[in-house]
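One structure is given below, encoded as structure tokens.
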Amino acid sequence: MDKERFFEFAFGCTGGGMTESVIITPFLSPDKFTRGGDVVGSFRGRLYSGVRAKKAGVEYTVIRSGMGNRLLGDAVLLLEASPVETVLFAGTCGGFGDAGIGDIVLCDKAFDGEGFSQYYRKGRAREDILASGQYVQADPGVYQRLKKHLTGHTPGKLILGDIFTIGSVVAEESRFVKNIERKGFSGIEMELSAVYTASNAAGIKAAALAVVSDLPLERPLWGLTAEQKRQCAKSMDQMAELLSDFILKDSEN
């Protein structure tokens, strides 16, 4: 594959149009990450779109990728053909344990539970996925610096934990989700293990934040109160600001 040409097809710009630091988000508006700064450029390809922003003299890129592990993974792999050194993922997850709506999970490791078909293959129990899957890890340096930056500044609790990346939303049946929670995971979502796997393959440093947007075993997305929806939206805005501020601070080191 001609990665340079496919990059232009996917992003609508050349790899040289990217910056060293990138925020990638499945669905949040890039505008959330540019408040207090200026948009100095934009791009829109057949798969991905986003902006190039400048804040306090530091430039960074925000990519909206669409939802799903394949779109996220391919986006990060393609960034190998660019100046990108660090990718920060900004998403949401269902929360477990003592997580509350609006809390933020800083994910050290993601469990690779990707792959739609494996959840519906005859003769294979879903618990086998839990037993056979593997973890992929954030970059230790970026993780520790981001942890220091976030401590005491998140809108709710800052949760340090692992996230289970699942390959099918419909597979989140009560019994299976309870087993995932018993394994000690802090959250469940659909993209992060692909982000970490792709970043490792591309030699890009990565770390991730996820706002707890629902509680699968207690309060699913369709059962949120108006106040919980407001809290979730507020936390997403604050997560966006915290990540852009982290890039500014990290550039000084």
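As an exercise, identify the chymotrypsin sites (Phe, Trp or Tyr not before Pro) in region 12-72 lying in DSSP coil whose Cβ has no more than 14 other Cβ atoms within 10 Å.
PHE27
Can you classify region 65-128 as rounded, prolate or oblate using the Cα gyration tensor, where a ≥ b ≥ c are the square roots of its eigenvalues, rounded means a/c under 1.5, and otherwise it's prolate if a/b beats b/c and oblate if not?
Cα axes put region 65-128 in the oblate bin.
Could you give the length gained on full extension between SER174 and ALA56, defined as 0.36 nm per residue of separation minus the Cα-Cα distance, in nm? Present the calculation step by step, with values, prior to reporting the outcome.
Values: separation 118, 0.36 × 118 = 42.48 nm, distance 4.69 nm.
Separation in residues times 0.36 nm, less the Cα-Cα distance, equals 37.8 nm.
Would you calculate the separation in nanometres between label points at ARG46 and LEU158, each defined as 7 Å from the Cα along the Cα-to-beta-carbon direction?
4.2 nm
Checking the cross-link filter: which lysines have an alpha carbon closer than 30 Å to that of LYS178, excluding same-chain neighbours under 8 positions apart?
LYS109, LYS122, LYS147, LYS157, LYS229, LYS234
Using 7 Å Cα-to-Cβ label points, what is the ASP98/PHE6 separation (nm, one decimal)?
4.6 nm
For the peptides 228-239, 188-199, what is the packing order when you average, over each peptide's residues, the other Cβ atoms within 10 Å and list the highest mean first? Please list the in-between numbers first.
Details: 228-239: 18.2, 188-199: 26.7.
Top to bottom by mean Cβ count within 10 Å: 188-199, 228-239.
Which lysines have a Cα less than 24 Å from the Cα of LYS3, not counting those fewer than 8 places away in the same chain?
Filter leaves LYS205.
Among the aspartates and glutamates, which fall within straight-line cross-link reach of LYS249, defined as a Cα-Cα distance under 19 Å, with same-chain neighbours fewer than 8 residues apart omitted?
Partners found: GLU20, ASP38, GLU59, GLU85, ASP139, ASP237, GLU241.
Please state the shape class of region 1-97: rounded when a/c is under 1.5, otherwise prolate if a/b exceeds b/c and oblate if not, all from the C-alpha gyration tensor.
On the way: a/c = 1.74, a/b = 1.07, b/c = 1.64.
Verdict is oblate for region 1-97.
Could you order peptides 166-175, 134-143 by the average number of other Cβ atoms within 10 Å of their residues, highest first?
Working: 166-175: 14.4, 134-143: 16.6.
Ranking, from highest mean packing down: 134-143, 166-175.
So what's the back-of-envelope 222 nm ellipticity for the chain, counting only DSSP H runs of four-plus at -39500 (n - 2.57) apiece and dividing by all residues, rounded to 500?
Working: 7 runs with 83 residues, N = 253.
My calculation for the chain gives -10000 deg cm²/dmol from helical runs alone.
Show me the trypsin sites (Lys or Arg not before Pro) within region 38-115 that DSSP assigns to loop and that have at most 16 other Cβ atoms within 10 Å of their Cβ.
Working: sites: ARG44, ARG46, ARG52, LYS54, LYS55, ARG64, ARG70, LYS109; in loops: ARG46.
When the trypsin sites (Lys or Arg not before Pro) of region 38-115 are filtered for loop state and at most 16 Cβ neighbours within 10 Å, ARG46 remain.
Is the chain best put as rounded, prolate or oblate by its Cα gyration tensor, with a ≥ b ≥ c the root eigenvalues, rounded for a/c under 1.5, and otherwise prolate when a/b is larger than b/c, oblate when not? Kindly include the intermediate steps, with their values, before the conclusion.
Values: a/c = 1.79, a/b = 1.30, b/c = 1.38.
Oblate, because a/c is 1.5 or more while a/b does not exceed b/c.
Mind ranking 18-25, 110-117, 206-213 by how tightly packed they are, going by the mean number of other C-beta atoms within 10 angstrom, highest first?
Packing proxy ranking, top to bottom: 206-213, 18-25, 110-117.
Tell me, what HN-Hα J-couplings in whole Hz come from the Karplus equation 6.51 cos²θ - 1.76 cosθ + 1.60 at θ = phi - 60° for each residue of region 123-129, using x for Gly and Pro?
x, 10, 7, 5, 5, 5, 5
Only the coordinates and a few stated rules stand behind these numbers; no lab work does. Just so it is clear, the structure is predicted and the values come from calculations on it, not from any experiment. For neighbour counting, all protein chains shown are included, and Cβ atoms are generated from backbone atoms with ideal geometry for every residue, glycine included.
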